[in-house]
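The block underneath contains the structure these notes are about, expressed in structure tokens.
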Amino acid sequence: NKFHFINKFRKMERTYIMIKPDGVQRGLVGEIIKRFEQKGYKLVAMKLWSPPREFMEKHYADLSSKGFFAGLINYMTSGPVVSMVWEGANVVLEGRKMLGATKPTDSAMGTIRGDFCIEVGRNICHGSDSVESANAEIALWFPDGVSEWDSCESAWIYE
Ligand code: IDP
Ligand code: MG
């Protein structure tokens with residue numbers, strides 16, 4: 001139908017969202033997924049696993065010169081993470097808004113970090129910061145690609 005035709009040609013983005021080991025340990029997996037689902041984004045890839053240290057160092061390679069890098073890698077490899085790819089219009093920027101600021105003390109209440117954590121080194125979630133880094137992170141975390149599927153909600157979410 002007409003709605004479907006419009007939706008098919010709408011420009012969609014994808015972003016890499018990860019629930020960090022503290023988010024998994026604290027039972028916040030469902031809460032974080034719920035917020036992305038309820039916003040209207042579409043889940044196109046997901047897995048729970050414990051990547052090796054070298055893999056996590058690759059993910060955070062741009063921070064390797066920082067003093068907190070070793071601590072960050074220890075934290076991020078301390079337990080399983082939930083890796084996801086979410087799709088939707090402007091999802092990279094909007095997803096970052098949903099997570100909140102890097103430092104929970106700067107995060108607005110109502111954001112994931114604002115609502116559920118206290119310290120920058122235990123900030124429970126990750127989200128790609130640009131379309132370019134999203135594409136690189138999705139390729140790193142999901143080398144076999146994502147699932148293409150049509151959501152029955154799309155005609156009710158997009159004009
Ligand atoms: P982001 O996760 O909001 O994109 P980045 O600057 O890319 O923030 O830093 C990646 C992660 O490194 C942060 O989410 C946080 O867990 C950790 N981190 C950043 N700055 C600090 C710091 O000053 N001390 C400890 N950990 C930090
Ligand atoms: Mg970052």
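Some points to look at:
- Extension reserve of the A101-V131 stretch, reckoned as 0.36 nm per residue once the Cα distance is removed: 9.0 nm
- Each residue, E37 and D150, gets one label point 7 Å from its Cα in the Cβ direction; the gap between the two is 2.3 nm.
- Span from the the range 105-159 Cα centroid across to the the range 27-58 one, whole angstrom: 8
- Listed from fewest to most Cβ neighbours within 10 Å, the set T15, T102 follows the order T102, T15.
- Computed FRET value (nearest 0.05) for D62 with I118, which takes r as the C-beta separation and R₀ as 30 Å: 0.75
- At full extension, V29 and A139 could sit 37.4 nm farther apart than now, given 0.36 nm per residue minus the alpha carbon distance.
- Convex hull volume per residue, computed on the Cα atoms of the chain, equals 112 Å³.
- Counting only Cβ charges, +1 for Lys and Arg and -1 for Asp and Glu, the dipole size of the range 41-133 around its Cα centre is about 160 debye.
No lab work stands behind these numbers, since they all come straight from the coordinates. The shown structure was predicted, so the numbers you read here are calculated from the model rather than taken from an experiment. Quick reminder, even Gly has a Cβ in these numbers, built from the backbone with ideal geometry, and neighbours come from all protein chains shown.
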